[in-house]
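Peer 1: Take this structure first; my questions come after.
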Amino acid sequence: MATISINLKEGDIERPGEVIAGIDLGTTNSLVAYMKDGAPVCVKDEAGKSALLPSVLHFASGDTIIVGEHAREQLIKSPADTIYSVKRLMGKSYQDVRGFEDFFGYKVIDDDTESLVKIRVKDRFYTPVELSAMILKELKERVENRLNQPVTKAVITVPAYFNDNQRQATRDAGKLAGLDVLRIVNEPTAAALAYGIGRPGEQDSHEQETIAVYDLGGGTFDISILQIENGIFEVLSTNGDTFLGGDDFDQAIVNYWLEELSIDKKLLTEEKDFGQEIRLAAESAKKALSSHESYKSAIKGSAVSITRSTFEDLIAPLVQRTLDCCRNALRDAGIGTEKIDKVVMVGGSTRVPVVRSAVAGFFGKPVFDDLDPDEVVALGAAIQADILAGNQQDLLLLDITPLSLGIETIGGLMDVIIPRNSKIPTKAGRQYTTSVDGQKNLKISVFQGERDLVEHNRKLGEFILRGIPPMPAGLPKIDIQFILNADGILTVRARELRSDLAQEIEIRPTYGISEEQMATMLLDSIKNAQSDMTVRGLLEARNEASNLLNSGEKFLKQNDGILSEAEKATTNALLKALHEAAKGDDKDVIHRAIDELNDFTSPLAHRAMDVTIRDAMKGKKV
Ligand code: AMP
């Protein structure tokens, strides 16, 4: 097994040695880096000023989509058409983001289903994968313009805690941007690589090392404890806070100034310009205080100031919260601070001197902070990319799966269980259920390949899980596990968890397929990424519509006595409209029909539930 490199233009397998981009796809900012004369460098914007591309998209009039700094400028002016923090939504279902809807200034569709989230902008629906692909495309262009040559391969970093769905979503985004994603790398691993930790050639690289990577950005905090041995990085534990970062430092200064100026907090929301002005001034103050002892400015004609020691007092509780997370991470890893050999600092907010000293104090050793904390992850990604390109001969390349492995789900869609380029041996699984009431058998068809529809992939085998006890659709829990051993043999095991019914098969995925055929399959998947995504989107929308039509009809039957004639008529009309929409080929039209039906029936469903509960409780004393 090996990494497959392909030339997108010619379709040839390429020999190692070409440029592979290292990409840090961040929540707030994204960066791209590559190796130049043996050292990693980040690509700066056209003005040559900053390597940071704000991870923000603005949907301007017409079909224009702006990515980056200019999009960020639109955040206040047109929040509904400006998308930020899309990374927080990658691979997430509606259930996962429940309760956080207010955080997003734009519309996150909040259906009551387990399907993946979509974002509504104007009259179109986008998935986080499509939106992330737009950011990746911009980064791809940035590095291509710099090098004056096409760049078609990349390594992309993700947080260590990202699950399979989130990693797969990141891969899909890369593919959609026209990139062959050679590997998904953990951000802390990349940061360590940037400092040369765990690289061959490092003096004690054969010995076991344990490191902590402290990553404090604009809006999130992550701490990861990694163990490194023979160039292999293992994540021992992760911890953090998804809503803690430099933005909170800014807010602490804003609150302090409001109090100093005796201004009511309400003014921040009532007068958006004022809110924006004071927040920007607070951020400038914070940045200045990283290298100066005090800061002075004026807001609305009034002088404001702050000293470094006041600022340090203000943020002390926030810094303490990060240290509490560090303590929890160490506890989960089962070690104390004395076992940590190195501490690496990542993220713009680690420029604050008191953060650095607090972390050094906590771990009892100096921290690694020489590199630009904003760039360190992208730099490490470029090094990992260079290793994969074969330019660092002494590095061991682990055995990996050359093509993704998965099963067929409703509508002929490929559901990837073990993604391409996963290290082997590996094991992954997912739970499925039935789609028909009383369903007794479930056919499990195993496929290999990168396309969204199984008909374009390679079938490896199939079996039928027979004798599922009769249950309503959606109730059985069928756990499917893929176990790929070190010899490349795949065991697919299916088990119905309620009845313990189980069955399995063994397959050798690489049997009878040449490297050339694999390369062609990969090339096809990237060439067809856009059309595959469109078909997948349409099939998923149709599946969602079909589920909703079933439950809508059941709802009408069960609540005949509770609903008024007018309510029944409107529900019927909306069901009919959805039925018609689902026959068409436009996923946005289907989603709009789903939205309209949900908007109308949600209050009815609540009422019906209240009545049912009241009836059930009648005559009963609590
Ligand atoms: P990141 O998400 O890693 O790009 O980090 C961005 C955060 O770092 C923002 O909250 C910035 O305000 C903050 N930041 C950038 N430069 C400095 C600095 N010199 N001092 C303190 N914070 C900074």
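Coordinate-derived values only; no laboratory data. It should be emphasised that the depicted structure is a prediction, and the values quoted were computed from it without experimental measurement. Don't worry about glycine lacking a Cβ; one is built from the backbone with ideal geometry, like all the others, and counts go over all protein chains shown.
Peer 1: Can you give the relative contact order of the range 176-259 as a percent, counting alpha carbon pairs under 8 Å and 6+ residues apart?
Peer 2: Computed value for the range 176-259: 22 percent relative contact order.
Peer 1: Which pairs break 24 Å Cα to Cα here: Lys342/Lys423; Lys443/Lys477; Lys175/Lys423; Lys87/Lys118?
Peer 2: On the way: Lys342/Lys423 26 Å; Lys443/Lys477 14 Å; Lys175/Lys423 20 Å; Lys87/Lys118 13 Å.
Result: Lys342/Lys423 exceed 24 Å.
Peer 1: Using 0.36 nm per residue, how much length does the chain from Asn441 to Tyr161 gain when fully extended, once their Cα-Cα distance is taken away? The partial results should precede the final answer.
Peer 2: Details: separation 280, 0.36 × 280 = 100.80 nm, distance 3.54 nm.
Extending this stretch completely gives an extra 97.3 nm.
Peer 1: Go ahead and run the numbers for FRET between Ile489 and Ala39, Cβ-Cβ distance against an R0 of 51 Å, rounding to 0.05.
Peer 2: Using R0 = 51 Å, I get an efficiency of 0.80.
Peer 1: I would also like to ask the following. Run the numbers for Gln320 and Phe243: contour at 0.36 nm per residue of separation, minus the present Cα-Cα distance, in nm.
Peer 2: Full extension of this stretch gives 26.3 nm more.
Peer 1: Please state the relative contact order of the range 6-185 as a whole percent: Cα pairs under 8 Å, 6+ residues apart?
Peer 2: Once normalised by length, the contact order is 22 percent.
Peer 1: Once both labels are modelled 7 Å past Cα along the beta-carbon direction, what's the Thr310-Ser294 spacing in nm?
Peer 2: Taking the two extended label points, one gets 0.9 nm.
Peer 1: Could you rank the peptides 66-74, 296-304 by their average count of other C-beta atoms within 10 Å per residue, with the highest value first?
Peer 2: In descending order of packing, they fall as 66-74, 296-304.
Peer 1: Explain nothing, just the number: relative contact order of the chain, from Cα pairs under 8 Å at least 6 residues apart, as a whole percent.
Peer 2: Contact order relative to length: 12 percent.
Peer 1: Once you place label points 7 Å from the Cα toward the Cβ at Glu207 and Thr534, how far apart are they in nm?
Peer 2: 5.9
Peer 1: Give me Phe311, Phe363, Phe463 sorted ascending by neighbouring Cβ count inside 10 Å, so fewest comes first.
Peer 2: Ranking Phe311, Phe363, Phe463 by Cβ neighbours within 10 Å, fewest first, gives Phe463, Phe363, Phe311.
Peer 1: Here is a follow-up. What is the extension gain from Lys554 to Thr269, computed as 0.36 nm multiplied by their sequence separation minus the C-alpha to C-alpha distance, in nm to one decimal?
Peer 2: 98.2 nm
Peer 1: Now, a different point. Glu580 to Leu475: FRET efficiency via 1/(1 + (r/R0)^6), r the Cβ-Cβ distance, R0 30 Å, to the nearest 0.05?
Peer 2: After rounding, the FRET efficiency stands at 0.50.
Peer 1: Related question: Go ahead and run the numbers for FRET between Glu338 and Asp370, Cβ-Cβ distance against an R0 of 22 Å, rounding to 0.05.
Peer 2: The calculated FRET efficiency here is 0.40.
Peer 1: Which order, highest average first, do 445-454, 91-100 follow once you tally other Cβ atoms within 10 Å for each residue and take the mean per peptide?
Peer 2: Details: 445-454: 23.0, 91-100: 15.0.
Packing proxy ranking, top to bottom: 445-454, 91-100.
Peer 1: Along the charge dipole of the range 531-617, which of Ser531, Asn572, Val589 sits closest to the positive end, that is, farthest toward it, with unit charges on the beta carbon of Lys, Arg, Asp and Glu (+1, +1, -1, -1)?
Peer 2: Farthest towards the positive end: Asn572.
Peer 1: On to the next question. Simple spin-label model, 7 Å along Cα-to-Cβ: Thr612 to Ser357 in nm?
Peer 2: Once both label points are built, they end up 6.1 nm from each other.
Peer 1: For the peptides 165-171, 414-420, what is the packing order when you average, over each peptide's residues, the other Cβ atoms within 10 Å and list the highest mean first? Spell out each step's value before the answer.
Peer 2: Working: 165-171: 21.1, 414-420: 22.7.
Highest-to-lowest ranking by the protection proxy: 414-420, 165-171.
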